[in-house]
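The values are calculated or read from the model by the stated rules, or taken from the named source; none is laboratory data. Please read all numbers here as calculations on a predicted model, not as lab measurements. Ideal geometry is used to build each Cβ from the backbone, glycine not excepted, and the neighbour counts take in all protein chains shown.
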Amino acid sequence: MEWEVVIGIETHTQLKTESKIFSGASTNFGSEPNAHACLVSLAYPGVLPVLNEEAVNCAIRFGLAVDARIAEHSIFARKNYFYPDLPKGYQISQFELPVVGEGSLTISLGDENKTIRILRAHLEEDAGKSVHGIEEGKSGIDLNRAGTPLLEIVTEPDMSSAEEAVAYAKKLHELVQWIGICDGNMQEGNFRCDVNVSVKKKGEKKLGTRREIKNLNSFKFIKQAVDYEVNWQIERLEDGGTIKQSTILFDPDSGETREMRSKEEANDYRYFPDPDLLPLVISQEKINTIKSEMYELPSQMKSKLVKEFGLSNYDADGITSNIDVANFFRELLSFKVSAKLATNWILTNLFSRLNESNIDIKNSPLKANKLAELILRIEDKTISNNAAKKVFDEIWDQDEKVDDVIEKLGLKQISNVNEVEDILNQVLQDNEAMVEEYKSGKDKAFNALIGKVMKASKGKANPGQVSQLLKDKLTD
Amino acid sequence: MINLSLKELSEGLKQKKFSSVELTQFFLNRLDLHNSSINAFITIDKDKSLAMAKHSDEIIKEGNQDYLTGIPIAQKDIFCAEGWKTSCGSKMLDNFIAPYDSTVISKFNAVGAVNLGKTNMDEFAMGSSNETSFYGNVKNPWDIKTVPGGSSGGSAAAVAGRLAPAATATDTGGSIRQPASLCGLTGLKPTYGLVSRYGMIAFASSLDQAGPMCHTAEDCAAMMNVMSGHDPKDSTSIQRAKENYLTGISDPIKGLKIGVPREFFSEGLDPEVEKIIEGGINEYKKLGAEIVEISLPNNHLSIPVYYVIAPAEASSNLSRYDGVRYGYRTKEYDDLMEMYCKTREEGFGEEVKRRIMIGTYVLSAGYYDAYYLKAQKIRRLISEDFKKAFENCDVILGPSAPSVAFPIGEKKEDPLKMYMQDVYTISTNLAGLPGLSMPAGLMNELPVGIQLIGNYFSEAKLLNIANIFQMNTDWHNLSPEEFK
């Protein structure tokens, strides 16, 4: 039997704000337990939440980036349940009226694009965490993370494979970093996905019962968990079983998923509007201001690169894969380097060198201004592309001037026609057999002759110029 | 010093007739003498109070005296005060020493007022008789066999017994006005959002509002000058220019249009109380006011609506008392769930548990629409009633409570009867309007209060109207015999 897979994703994105969403406590990661547990984080009697405007700005930026409706009026609600890492006994979230409404995000699947609909995105506070094993038989509570702002981004069930799920997660991950609302650090849990998976018979309209895989914090785990879960559900259904709506966990060690709680065991969260917070009202003026301060989005930049600069889809994807690459590219262009050369140098030489040394482009020892100098020397024909690679290796992490290195390595191209002609004539004299071969119709001989000239010039001749001169000579 | 108004105390301090230390010591002596008989205070800390008084004397010496500088004020035990036990009348917080000041407390501290002690109250402000306190019931100084009203019963008894010149209180459904009525005091519940709720332990966040409880409207005005004002720490606090409530307090009220809602004079109101209210109406007529009949057709729904909304919010607000971080924790437990259950079972009293259960029920899946949502809709209708009423009058007048102080124990076992105590006050909280209660007569030697309800932010007007009444009557000057 053929099956269709249906996937929807809820992503908890930790917003990059200095302080927590409802208090002035710091959001720093990695401090001593409870170093950032202020009275509000601790839910002391009498304390009240005050909304951090910066978190709202982040939500607006996201809404604009996915072309969504920003709610003029949204409501904070209390989600009530007891847990030691939830000091108030409720989480402040948004339920009926979220700050960001319907939008969309387009993902690339090879050469094809697919649009994933965003259902909503809402602001909420994170919980603290329980720490086990510090003292035997006792658990500790660390409230540093309690109250950290999150934007929960929910899609429609628009993905139909683990690959699409990963592509969406990656695209979203790039986007939230691009617009500066999340640092994207997945190890620290700052970007984590709950993936809803169901299967249905091919052609069937009605969705199957879904199971929700909680808290996946790497793309690899998303792929593994979804693949495993899809197989599990199909096998179960083919064996005549049924799927129960439930929340499940993925164990990276075994590569399996297991049930955490079924729908019947789910909490009744008793949502109701939080009376401590007024409705969140966002003016069009504020939205416009934020819009005017926003960078070009990856999708906008990509289409500009393809249309105006003639880059391939693939290359444009590479340049817009993340904000730091895009910024490096923008900086190169500010030195009047051609877009194509800039792209080639970033995606090939720079990337391979960065990968080798496992360095982020942000921390590249070779800065954009210096790489631009080098590329400009290719453009003005001072050196050949091959020679430039040698210079690149030399200046990679050395504080040397591009022109000095060219001089030192003697890579400057010979541009004097007479000089090149002298070398060329000598080569033709020494290789009469080859000339005859060419004249009898063997085109290969032409390139071999160019090679000889280049060698004779110790690589300093301009291959284009040599080719032209050679063609002139041989057709004389 | 016992019968002096806040203004007179302020003058006395200024003219060095007495120091703040002397004044504070005087009231601390009164506490020694009388508190055991009425149980108005939960926490008295003489050293702390006297240290504050000493500091206040310094301020006065430096010539920086404010109206309330050096005057001892009793603080309801719902306000967090740094270093003071702040119990909210509950076993749950019996061991809780507040690590910070509520905004109300810091405002009193900022003007150099002295904290005389923390007053008794119904547990988490849930009650109308002060019988739900973990610290025992408060007795009404007018007759110690009767209740002082609630939930601010300790504050009311303290001021009525002249154990404190003035007190702070809070009002969620009548908790300032009903005890003021039962104890012969003037109490003001301001417009929702006028006084910061930061550091005031929450019962029902959308209804809770702090206010003063004093002998006179003028004293209330002086207290309001300190307590009111926008607070960035409370998102529901309202941003508007600060008023001086004393400025127009003696303005003439000729031509004032007083609306009397017929629904406030129906079944359930003690006929003797009704007579006294009529007397008050006649007094205002004499003072040149015009009386018009108005209607608040949905007032009868205010109690059922309140007992959905207030418990709903309370059930969530009180979730934080789980034994994990502060407050009471049960002695023995095997796992987390047992720790939660036993802590809350042992730490909360009956009335609090009743309301948590009602609140949890009305917010549950499947019941939310029928109870919580419906109650919110009716709440809006109740506000609309007031809006219409104020098209025809400047202020609304009626009783504050259906009866005078009743015997301790009389209604304790019958919550519905108890809830009826707030039948005239609750609608004001639901609408967020200001309300004031002031003494207007005695029935069987027990005080009866008149309630004035104003439009939003009309506190200055309410205080003015009450002050004119008090300039022409003497009810506010009466004291219970044994506390003179």
(request) Can you tell me which residue within region A:116-143, out of those that are charged (D, E, K, R) and under 30 Å from A:V281 (Cα atoms), is surrounded by the most Cβ atoms within 10 Å (Cβ to Cβ)? (result) A:E125
(request) Find all pairs meeting these conditions: Cβ atoms under 9 angstrom apart; at least six residues apart or on different chains; first residue within region A:252-278 and without any contact (Cβ under 8 Å) to a residue 12 or more places away in the chain and away from every other protein chain (no Cβ under 14 Å); second residue among the hydrophobic types (A, V, I, L, M, F, W, C) and part of a strand (DSSP E or B). (result) A:R258/A:I248; A:R258/A:L249; A:R258/A:F250
(request) Report yes if some residue within region A:193-206 is within 30 Å of A:F29 (Cβ to Cβ), buried (at least 17 other Cβ atoms within 10 Å of the Cβ) and touching a Ser or Thr at 6+ places or on another chain (Cβ under 6 Å); otherwise report no. (result) yes
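Does B:G136 meet the test of being buried (at least 21 other Cβ atoms within 10 Å of the Cβ), touching a residue at least 24 places away in the same chain (Cβ under 8 Å) and away from chain A (no Cβ under 14 Å)?
So B:G136 does not fit the description; no.
Before we move on, is A:I359 free of Cβ contacts under 8 Å to residues at least 60 places away in the same chain and surrounded by fewer than 21 Cβ atoms within 10 Å (Cβ to Cβ)?
yes
Consider A:T17 carefully, then state whether it is touching a helix residue (DSSP H, G or I) at 6+ places or on another chain (Cβ under 7 Å), on the phi < 0 side of the Ramachandran plot, more than 14 Å from chain B (Cβ to nearest Cβ) and crowded, with 23+ Cβ neighbours inside 10 Å. Let's see the steps before the verdict.
Values: touching a helix residue (DSSP H, G or I) at 6+ places or on another chain (Cβ under 7 Å): yes; on the phi < 0 side of the Ramachandran plot: yes; more than 14 Å from chain B (Cβ to nearest Cβ): yes; crowded, with 23+ Cβ neighbours inside 10 Å: no.
Judged against the criteria, A:T17 is not a match.
Answer yes or no: is there a residue in region B:389-405 that is farther than 18 Å from B:P261 by Cα, within 14 Å of chain A (Cβ to nearest Cβ) and in a loop (DSSP other than H, G, I, E, B). Full working, then the answer.
Filtering region B:389-405 for residues farther than 18 Å from B:P261 by Cα gives B:404-405.
In the following step, the residues that additionally are within 14 Å of chain A (Cβ to nearest Cβ) were identified as none.
No, because not a single residue in region B:389-405 is farther than 18 Å from B:P261 by Cα, within 14 Å of chain A (Cβ to nearest Cβ) and in a loop (DSSP other than H, G, I, E, B).
I want to confirm something. Restricting to region A:78-89 and keeping residues that are within 18 Å of A:A55 (Cβ to Cβ) and either within 9 Å of another protein chain (Cβ to nearest Cβ) or free of Cβ contacts under 8 Å to residues at least 12 places away in the same chain (or both), which single residue is surrounded by the fewest Cβ atoms within 10 Å (Cβ to Cβ)?
Going through region A:78-89, the residues within 18 Å of A:A55 (Cβ to Cβ) turn out to be A:78-79, A:88.
Adding the requirement that they be either within 9 Å of another protein chain (Cβ to nearest Cβ) or free of Cβ contacts under 8 Å to residues at least 12 places away in the same chain (or both) leaves A:78, A:88.
Details: A:R78: 25, A:K88: 23.
Selected residue: A:K88.
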(request) Give me a count of the residues in region A:279-318 that are touching a residue at least 40 places away in the same chain (Cβ under 8 Å), outside any loop (DSSP other than H, G, I, E, B) and hydroxyl-bearing (S, T, Y). (result) 1
(message) Checking the condition part of a strand (DSSP E or B), under 27 Å from A:G63 (Cβ atoms) and free of Cβ contacts under 8 Å to residues at least 40 places away in the same chain, which residue from A:N196, A:N215 passes?
(response) A:N215
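Considering B:G150, B:G211, which residue is crowded, with 24+ Cβ neighbours inside 10 Å, free of Cβ contacts under 8 Å to residues at least 40 places away in the same chain, within 10 Å of the chain's Cα centre (by Cα) and more than 14 Å from every other protein chain (Cβ to nearest Cβ)? Working first, answer last.
Numbers: B:G211 fails: free of Cβ contacts under 8 Å to residues at least 40 places away in the same chain.
None of the other options fit; the residue is B:G150.
Would you mind stating whether A:D111 is more than 24 Å from the chain's Cα centre (by Cα), modelled with pLDDT under 95 and assigned by TED's automatic domain parsing to the domain that holds A:P279?
No, not satisfied.
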(message) Looking only at region B:226-243, filter to residues that are part of a loop (DSSP other than H, G, I, E, B), touching a residue at least 12 places away in the same chain (Cβ under 8 Å) and away from chain A (no Cβ under 14 Å); which one of those is nearest to B:N109 (Cα to Cα)?
(response) B:G229
(message) Given the criteria buried (at least 23 other Cβ atoms within 10 Å of the Cβ) and among the charged types (D, E, K, R), does B:D414 qualify?
(response) no
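Only one residue in B:Y307, B:Y340, B:Y326 is at pLDDT 95 or above, at negative phi and in a loop (DSSP other than H, G, I, E, B). Which one? Give the derivation first.
Details: B:Y307 fails: in a loop (DSSP other than H, G, I, E, B); B:Y340 fails: in a loop (DSSP other than H, G, I, E, B).
Answer to the selection: B:Y326.
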(request) From (1) under 31 Å from the mean Cα position of the chain (by Cα); (2) on the phi > 0 side of the Ramachandran plot, pick out the condition that doesn't hold for A:G410. (result) (1)
(message) Considering only residues that are in contact with a Pro (Cβ under 8 Å, 6 or more places away or on another chain) and more than 11 Å from every other protein chain (Cβ to nearest Cβ), which ones fall in region B:325-351?
(response) B:E351
